[in-house]
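Worksheet for the structure shown next.
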Amino acid sequence: MAGLTKEQLAKLKRELQHRYLKLQKEVRSELGSSSDQRHISLASTLNDVGDNSVVDMLMDLDATIIDRQVHEMRKIEISLNNLLGNNFGNCIDCSEKIGFDRLMAFPTAQRCITCQNRHEKIYAHESNPTL
Ligand SMILES: [Zn+2]
């Protein structure tokens, strides 16, 4: 379990859920301020954490204003799912521990600092990055 204690995992879970709800609120208020009726009814269906179908619906919408929030919510959902597995807190590149402090600062982090820096360098230098 990547060396994280139950308490640390619980804290991270709370942090992720807290961020998710905050984003959800932002999205709601942005959708709510829209004059588009479809958006308003969609906003009222945003209820449960982990409601993937709603996020899918939002992803399909051409709503660039909420794009960032929805992407972040998606990342949080993935992290919350990973939290239940055995690999949470491990770097996806080198499998080393990401570290509790870094995870508290960036709960959706998937890489350790070393790999993240390398990853960003690669992306900064390549115009057409291949995964
Ligand atoms: Zn790494």
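The values are calculated or read from the model by the stated rules, or taken from the named source; none is laboratory data. The shown structure was predicted, so the numbers you read here are calculated from the model rather than taken from an experiment. Cβ coordinates were reconstructed from backbone atoms using ideal geometry, including for glycine residues, and neighbour counts include every protein chain displayed.
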(Q) Being in a helix (DSSP H, G or I) and surrounded by fewer than 14 Cβ atoms within 10 Å (Cβ to Cβ) is the filter here; which residues of region 72-100 pass it? (A) 78, 81
Q. Residues in region 101-131 that are touching a helix residue (DSSP H, G or I) at 6+ places or on another chain (Cβ under 7 Å) and either modelled with pLDDT under 90 or surrounded by 16 or more Cβ atoms within 10 Å (Cβ to Cβ) (or both): how many?
A. 7
Q: Could you please find all residues in region 71-123 being among the basic types (Lys, Arg), under 16 Å from the mean Cα position of the chain (by Cα) and over 16 Å from residue 17 (Cβ atoms)?
A: 102, 111
Q.
Can you tell me how many residues within region 85-100 are free of Cβ contacts under 8 Å to residues at least 24 places away in the same chain and among the basic types (Lys, Arg)?
A. 0
